[in-house]
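Structure record follows, encoded as structure tokens.
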Amino acid sequence: MSTETTASVSTHILDTSAGRPAEGVAVHLSARRGPHAHWRTLGGSATDADGRCEDLPALPEGTTHVRLDFAVEPYLGRSAFFPEVAVTFAVVPGEHHHVPLLLNPFGYSVYRGS
């Protein structure tokens, strides 16, 4: 059992239409304390050549919910049916939460990775 009091988050994006990582996608991170609390924007990053965001901000202590906002339209171009993807999920203190995004111009999928 972990003694950490905060959760951590990471993500990456795979472009399933091209079969490669999605580089240069802006990702913004927000957090809140409780299901009815206001969202607090913590900052953002962009995916690297491996489709990963290695420098997302740390979550404040007491965070219960996280939202990742992916700005995918600049990456996919005008063919993007979904110009942005927002993924909201619950976090557990002391655990790491890796949330990959599988992306193509007409759909996406997310899951809790490891």
Inset, instruction - Restricting attention to the range 39-75, report how many residues are hydrophobic (A, V, I, L, M, F, W, C) and farther than 16 Å from Val99 by Cα. - result: 3
Inset, instruction - Assess whether Thr16 counts as being surrounded by fewer than 17 Cβ atoms within 10 Å (Cβ to Cβ) and over 12 Å from the mean Cα position of the chain (by Cα). - result: yes
Legend entry - Check on Arg20, of a type in the set (Lys, Arg), over 20 Å from Gly113 (Cα atoms), touching a strand residue (DSSP E or B) at 6+ places or on another chain (Cβ under 8 Å) and modelled with pLDDT of 95 or more: no
Inset, instruction - Identify, by number, the condition in (1) part of a strand (DSSP E or B); (2) touching an Asp or Glu at 6+ places or on another chain (Cβ under 8 Å); (3) farther than 17 Å from Pro105 by Cβ that Ala49 doesn't meet. - result: (1)
Legend entry - Total residues in the range 71-100, condition β-branched (Val, Ile, Thr), in a loop (DSSP other than H, G, I, E, B) and closer than 19 Å to Arg32 by Cα: 3
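Consider Ala58 carefully, then state whether it is more than 20 Å from Val110 (Cα to Cα), at pLDDT 95 or above and assigned to a loop (DSSP other than H, G, I, E, B).
Here the answer is no, as Ala58 does not meet what is asked.
Go through the range 25-39 and count every residue that is surrounded by 14 or more Cβ atoms within 10 Å (Cβ to Cβ) and either outside any strand (DSSP E or B) or of a type outside the set (S, T, N, Q) (or both).
8
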Inset, instruction - Please state which one of Leu102, Leu42, Leu68 is touching a Pro at 6+ places or on another chain (Cβ under 7 Å), hydrophobic (A, V, I, L, M, F, W, C) and at pLDDT 95 or above. - result: Leu42
Inset, instruction - Scan the range 55-114 for residues that are of a type in the set (Gly, Ala, Ser) and in contact with a helix residue (DSSP H, G or I) (Cβ under 6 Å, 6 or more places away or on another chain) and jot them down. - result: Ala80
Inset, instruction - For Arg67, state whether it is more than 11 Å from the chain's Cα centre (by Cα) and of a type in the set (Lys, Arg). - result: no
Legend entry - Filter result for the condition that a residue is assigned to a strand (DSSP E or B) and without any contact (Cβ under 8 Å) to a residue 40 or more places away in the chain, over Leu14, Leu103, Leu68, Leu42: Leu42
Inset, instruction - From Gly51, Gly77, Gly113, Gly94, grab the single residue that is closer than 17 Å to Thr11 by Cβ and surrounded by fewer than 18 Cβ atoms within 10 Å (Cβ to Cβ). - result: Gly113
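The values are calculated or read from the model by the stated rules, or taken from the named source; none is laboratory data. This is a predicted model, so every value here is computed, not measured. Note that we place each Cβ from the backbone using ideal geometry, even for glycine, and neighbour counts take in every protein chain shown.
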